[in-house]
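Structure first, then comments.
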Amino acid sequence: MTTALHERPAQAGAGNGGVPARRAVIRWAWRLFRREWRQQLLVLALIVVAVGATVVGAAVATDTPPPANAGFGTAQDMATFGGGPRLASQIAVLQQRFGRVDIIQNQTVAIPGSISTYDLRAQDPHGPFGGPMLSLVSGHHPTGPGQVAVTDGVAATFGLKVGDVWHQGGKARLVTGIVENPQSLLDEFALVVPGQITAPSQVTVLFNAPGVKASSIGPTVQSRASAAASNPLNPETIVLGLATIGMLLIALVAIGGFTVLAQRRLRSLGMLGAVGATDKNVRLVVRANGLVVGVAGTVLGAVIGLAAWLAYRPHLEASAHHVIGPFQLPWGVIAGAMVLAVVASYIAAARPARAVTRIPIVTALSGRPAPPKQVHRSALPGVIAFVIGALLLSYTGKTSNGGGAPELVLGLVALVVAVILLAPLCLAGLARLAGPAPVAVRLALRDLARYRARSGSALAAISLGVLIAVLVCVLSAQRYRNVLDYAGPNLASNQLIVYTPNGPYGGGPGSAPSAPVTGSKLTGMAATAHGMAASLGSHDVVELESTSASLQHAAAGRQFGGPVYVATPQLLQAFGIKASQVDSSADILTMRPGLSGLSKMQLTYGNYGNGQGHGPQDVGNQPAYSCPAGSCRANPKIQEVSALPSGTSAPNTVITEHAIHQLGLQVTTAGWLIQTPHPPTAAQISNARLTAAAAGLTIETKSSAPSSSEIITGATVFGIVLALGILAMSVGLIRSETAGDLHTLTATGAGSSARRTLTAATAGALALAGAVLGTVAAYVGAIAYSWDNPLDGLSELSNIPVDSLLFILVGMPLIAVAGGWLLAGREPAALGHQPME
């Protein structure tokens, strides 16, 4: 009997094995993931950390600013009016047209003895729309004209508690409760029943106007939608952008990881092809593995990130100053980041998957890696991307308020693409420079060029981490370099300024200028200031004198910020400045670096200095201020004296007595600067405020504004930690791929020093190349953005953060070399061949 062998009927997809083949290779990929999870732990951990950080970062970034409905309550529209006789008619028009309204009246009140203020607020706690803006902490809301509820800050400032009688503004009110604005815990106010404020400084009317454009109602009306649309770079968008950059870093590192795994499995994949698997089946093995790693890392990272968020939420409420719900999260952003993580992992696996299928089966069975691509294939596109990024950023910075956001985003994206494409060129350059180096160093550098598929992605990821850090450092230094719009802390922590009514704040914030204080009244205020200093344990009191003179730049929009005090001998002596150090012909002394070399400065005085001078005039295409003789001195002589204090409210810029005599200026006492041995406590500041209020004075203490060094140091540490973390994972992958070379070196008698040198050279070369490439890219972007900036952006960019750049360019490679040397050197356990799957 004969038997005939019939072929299977043709099926859809039978050319590549169909569904059964796909199921088989996916099961094999899953089995490989379970068996080799240790080899994939680095990539898996990176995805877990990135997704977890994105969950926490998205929650922090979106919940730190006031919520989207802040100021609107539950209403969709809001009208804001000032006080005045037309107020009642304006509110009546809204009521007639839209029905229910919720009226909130505010009157700004200065805290006696302080430059701070609070609001006296008349609001119905049970109003139709304002409920989310008012919450009761303890006690109860006021119900009558003789009652008031206050926030914690007002209660602490005035020493109030529930049941006390508060004498304020000539009225006595019973404190019935403690309240807060859940949407802004910094909102300090005293709540009274509606109708108790006769002269409000601002009135907010909440209402719903469905289907009506806010602009058609009136110029003072804003809708919730228009408020959100006015800020296209909202926190959610920023977080999603940062998450995208983070996922790009994941993809770059994961490419190296999956390339190593593909190389390790090269013989197995070659055997799979030898038994009849198609290229599509082989690619599916690697891609399925990437998909499994991405899903596993994303799910685990989301769970860990959510747990970290729930633990951190109470601390964020205290620092963000508004109430945050436990699950008040930007779920859309988090879901998008999770999808990006999976996609990034899949795409990272797709590249080595394609590369594997290009290797002939015989070569794959031998386990030899594919030859590296020629670097010119990526070098020319990389240079083009650099040029495009520079042009886009240059266009963005042409105007004082910047160009469009699309150009800025596209310019940064082009820089990132340029860094990725130029990374292989840097590795090839390192290999060419390895000629005279020791054998172990030559092997390390040539291995980087030989295994360019994964070392290039690692270098690109390190460079991007450095690029982010250097950009923050450079732009922060540029911002703090602006000598006109001076930024930073107002005072040192051990400094306190006592202002007279002649000072910058007069009788308090928002108060009208009063007649100059002189004679016995000024003598009494001086005695109070010295007594205040004595209570703080200090006898270092410097009298601050002022004139009508002020500084400005000739270009409109470049107004000098900050007070200009008088350089009295006492003030100079207090900061260790000798008379011999001061140029006798100088008009202005300043500690602001670069102010002395700034052209077109003007020293205004008299009526011009009091704001009664000429307005800006168009000179060509740039508006400029005129400088009439007798009330303005063009290009005054400015001398830089670094010993003057640096605070924005401190006497960092002073007018000399020489200029006062020449211009015939009148001098008044603006206040006293007190320098204490130790930073004053909250209780001491409160006592000083009460003392100042009793004498008709106000005080200013250190604010929470960060200094440039704090921002730059934080960015430097972040960049180095990020780059070193990526470097550690990359070196681990690289050395695992070259384990066979280490076996060979050991067999030929190489000791631990050779293995240590090999690893240290690999780590140091990647760190140095990444630091240089990232720094160059960051400066290309910063210079391009500042090139045509009319506000001297390029000159401000000359303030180079030398310490941070040296730490990145020199310190980071040295740390990498030391770490590679210390963590390497262990002799391989055995000389074995790569196992077959």
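Can you run down the residue pairs with Cβ atoms below 6 Å, 6 or more apart or on separate chains, where the first is in segment 546-560 and modelled with pLDDT of 85 or more and open to solvent by 20 Å² or more (accessible area, probe 1.4 Å) and the partner is assigned to a loop (DSSP other than H, G, I, E, B) and of a type in the set (A, V, I, L, M, F, W, C)?
Cβ pairs passing all conditions: Thr547/Leu665; Thr547/Val667; Ser550/Val564.
Among the residues of segment 532-575 satisfying the criterion of being in contact with an Asp or Glu (Cβ under 8 Å, 6 or more places away or on another chain) and aliphatic (A, V, I, L, M), which is nearest to Ser631 (Cα to Cα)?
The extreme case among them is Val566.
Can you confirm whether His539 is of a type outside the set (Phe, Trp, Tyr), at pLDDT below 90, open to solvent by 40 Å² or more (accessible area, probe 1.4 Å) and touching a Ser or Thr at 6+ places or on another chain (Cβ under 6 Å)?
So His539 fails the test.
When you look at Ala659, is it at pLDDT 85 or above and more than 30 Å from Ala763 (Cβ to Cβ), yes or no?
Against the criterion (at pLDDT 85 or above and more than 30 Å from Ala763 (Cβ to Cβ)), Ala659 qualifies.
For Ala68, which of the numbered conditions (1) within 30 Å of Pro194 (Cβ to Cβ); (2) open to solvent by less than 30 Å² (accessible area, probe 1.4 Å); (3) at pLDDT below 70 fails to hold?
(2)
With the condition kept exactly as written, say whether any residue in segment 502-520 is crowded, with 20+ Cβ neighbours inside 10 Å, at pLDDT below 90, in contact with a Leu (Cβ under 6 Å, 6 or more places away or on another chain) and not hydroxyl-bearing (Ser, Thr, Tyr).
The answer is no, given that none of the residues of segment 502-520 is crowded, with 20+ Cβ neighbours inside 10 Å, at pLDDT below 90, in contact with a Leu (Cβ under 6 Å, 6 or more places away or on another chain) and not hydroxyl-bearing (Ser, Thr, Tyr).
Within segment 150-159, is there a residue that is open to solvent by 40 Å² or more (accessible area, probe 1.4 Å) and part of a strand (DSSP E or B)?
Checked segment 150-159: no residue is open to solvent by 40 Å² or more (accessible area, probe 1.4 Å) and part of a strand (DSSP E or B).
Residues of segment 564-585 being part of a loop (DSSP other than H, G, I, E, B) and surrounded by fewer than 20 Cβ atoms within 10 Å (Cβ to Cβ), which ones?
Thr568, Phe575, Gly576, Ile577, Lys578, Val582, Asp583, Ser584, Ser585
Considering only segment 161-206, give the strands (runs of 3 or more DSSP E) lying wholly within it that have at least 3 residues that are open to solvent by less than 60 Å² (accessible area, probe 1.4 Å) and under 16 Å from Pro145 (Cα atoms).
Hits in segment 161-206: 171-180, 189-192.
Looking only at segment 87-94, decide whether some residue is open to solvent by less than 30 Å² (accessible area, probe 1.4 Å), of a type outside the set (A, V, I, L, M) and over 13 Å from Gly195 (Cβ atoms).
no
Based on this model, can you work out whether Ser795 counts as at pLDDT below 85, buried (at least 21 other Cβ atoms within 10 Å of the Cβ) and either within 21 Å of Gly594 (Cα to Cα) or among the aromatic types (Phe, Trp, Tyr) (or both)?
No: the conditions fail for Ser795.
If only one of Val60, Val43, Val48 is modelled with pLDDT of 75 or more, within 25 Å of Ala337 (Cβ to Cβ), in a helix (DSSP H, G or I) and hydrophobic (A, V, I, L, M, F, W, C), which one is it?
Result of the check over Val60, Val43, Val48: Val48.
With the requirement that a residue be in a loop (DSSP other than H, G, I, E, B) and closer than 29 Å to Asn687 by Cα, what does segment 99-141 give you?
Scanning segment 99-141 gives Ile111, Pro112, Gly113, Ile115, Ser116.
The values are calculated or read from the model by the stated rules, or taken from the named source; none is laboratory data. As the structure is a prediction and not an experimental result, all values here were calculated from the model. As a convention, Cβ positions derive from the backbone with ideal geometry for all residues, glycine included, and neighbour counts pool all protein chains shown. These area figures cover heavy atoms from the full protein model, side chains too; ligands, DNA and RNA do not enter into them. Shrake-Rupley method; radii C 1.70, N 1.55, O 1.52, S 1.80 Å.
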